[in-house]
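Heads up, the thing below is written out as structure tokens.
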């Protein structure tokens, strides 16, 4: 069966585009992240901390900073660990991540967060929180390499 040359060109272009999409997804990698964050809030809150990011066998020190706004009050410290997915190099983990959520801790509590930055890195975290913290807010977190 002979296809007209225009249709054949379109089919080849579509297959090539799909192949490039699959190849770039296949080259995306992941790393592990651990950090602790102190948070204090009375409607408007701030947070800061530090930790490590491990990528391709090498560990990098990171700094965390953030703000939140909404219904939030209290003081807490949260220990996070998790995975950063869809990255190609160590710099992809840096940037601003945003989330909307709620939770609380009186003494001890747990958190689960999934956030994405502007580079497409997806941060999947679990955390153990200590302190008195109640929140239903919008928050942002910035990760930078030290």
For residue 92, work out the one condition from (1) within 17 Å of residue 145 (Cα to Cα); (2) in a strand (DSSP E or B); (3) modelled with pLDDT of 95 or more it doesn't fulfil.
-> (2)
If you take the residues of the stretch 51-60 that are over 19 Å from residue 110 (Cα atoms) and within 18 Å of the chain's Cα centre (by Cα), which of them is surrounded by the fewest Cβ atoms within 10 Å (Cβ to Cβ)?
-> 56
Can you tell me which residues in the stretch 61-73 are exposed (fewer than 13 other Cβ atoms within 10 Å of the Cβ) and either in contact with a helix residue (DSSP H, G or I) (Cβ under 6 Å, 6 or more places away or on another chain) or at pLDDT 95 or above (or both)?
-> 61
Within the stretch 25-34, is there a residue that is modelled with pLDDT of 50 or more and more than 18 Å from the chain's Cα centre (by Cα)?
-> yes
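The values are calculated or read from the model by the stated rules, or taken from the named source; none is laboratory data. None of these values were measured; they are calculated from a predicted model. Note that we place each Cβ from the backbone using ideal geometry, even for glycine, and neighbour counts take in every protein chain shown.
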